[in-house]
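The values are calculated or read from the model by the stated rules, or taken from the named source; none is laboratory data. This one's a predicted model, so the numbers in the text were calculated from it and none came from an experiment. Every residue, glycine among them, receives a Cβ derived from its backbone with ideal geometry; neighbour counts consider all protein chains shown.
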């Protein structure tokens, strides 16, 4: 492949990620640890980027080899993104911050979309309620850490840096122009069953259980307001809530903005398997929208099913 064509294509991809040239130059200076004149020489192709520099930029801005060279290999790569939420490394925090920063595009993209299909509380919901998000991390830690790291709910501490990122994530997710959420019919039953299990083995105290119950009630009231009005109360952005009539096997989601596309499969409770491949994201979107055909819309239009859902949910939460 002609080298100059490869360079031009790569520069086009970088500028789509960061359209403002001065900002792109600043970020390249920091990322590559070189001075501005050296960055400009590379951008003008007077000096070629090194292989290490290309690899670093591709990893930082999620640019695939297929995209770089303009050849579709027929293979779509997914990347596993494990994060330790209790003892995060600097790389963990950087990855979380990058994700939150990318979601800022939701607000400025008039056609931005977010959709999640879930069989447990998605981050976009749980992250707004401290004890619910803490419980998800607690459950992850109990199931997937070694025995010495298994601590009771009350003694588990989420680092302040992670807590701050979680709150910003919750705020940013409300900015999509359109949000679709499809819940497994047993989502809340499963959550309550898990709470009762950990309470039965004394990893949750009575006080912990009461706190989680209170947040569940707050979440229920919030979802009912969203369902009644068809939008997030904080941003007035459109929301469609569905209840799936078929089982949902795991959580999966996509985010699309003018500058950013990603799809996620949520594995092992807190880890993500992700792809930025545009074709894969579009395919994911098609699959996920089809899920609505076997789901009941409860926001705005179907008052009977909406009322029945929240009556049942309140009874379930009261059982705690």
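Per-structure values
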| quantity | calculated |
| --- | --- |
| Test: residue in segment 64-73 that is out of contact with any helix residue (DSSP H, G or I) (no Cβ under 6 Å at 6 or more places or on another chain), at pLDDT 85 or above and either outside any loop (DSSP other than H, G, I, E, B) or more than 15 Å from residue 272 (Cβ to Cβ) (or both) | no |
| Test: residue in segment 222-230 that is farther than 15 Å from residue 129 by Cβ, crowded, with 17+ Cβ neighbours inside 10 Å and modelled with pLDDT of 95 or more | yes |
| Filtered residue count, segment 42-53, keeping only those that are under 15 Å from residue 21 (Cα atoms) and either outside the structural domain of residue 25 (by TED's automatic domain parsing) or surrounded by 14 or more Cβ atoms within 10 Å (Cβ to Cβ) (or both) | 2 |
| Filter pass, residue 191 being without any contact (Cβ under 8 Å) to a residue 24 or more places away in the chain and within 30 Å of residue 245 (Cα to Cα) | no |
| Matching helices (runs of 4 or more DSSP H) fully within segment 106-212 where at least 3 residues are touching a strand residue (DSSP E or B) at 6+ places or on another chain (Cβ under 6 Å), outside the structural domain of residue 231 (by TED's automatic domain parsing) and under 19 Å from residue 251 (Cβ atoms) | none |
| Segment 230-242 residues that are touching a residue at least 40 places away in the same chain (Cβ under 8 Å) and in the same structural domain as residue 113 (by TED's automatic domain parsing), paired with ones that are part of a loop (DSSP other than H, G, I, E, B) and surrounded by fewer than 18 Cβ atoms within 10 Å (Cβ to Cβ) (beta carbon under 8 Å, 6 or more apart) | 230/300; 237/177; 238/177; 238/230; 239/230; 240/230 |
| Set 13, 24, 28: member being modelled with pLDDT under 80 and surrounded by 14 or more Cβ atoms within 10 Å (Cβ to Cβ) | 13 |
| Selection from segment 41-53 of residues that are touching a helix residue (DSSP H, G or I) at 6+ places or on another chain (Cβ under 7 Å) and not in a loop (DSSP other than H, G, I, E, B) | 43, 53 |
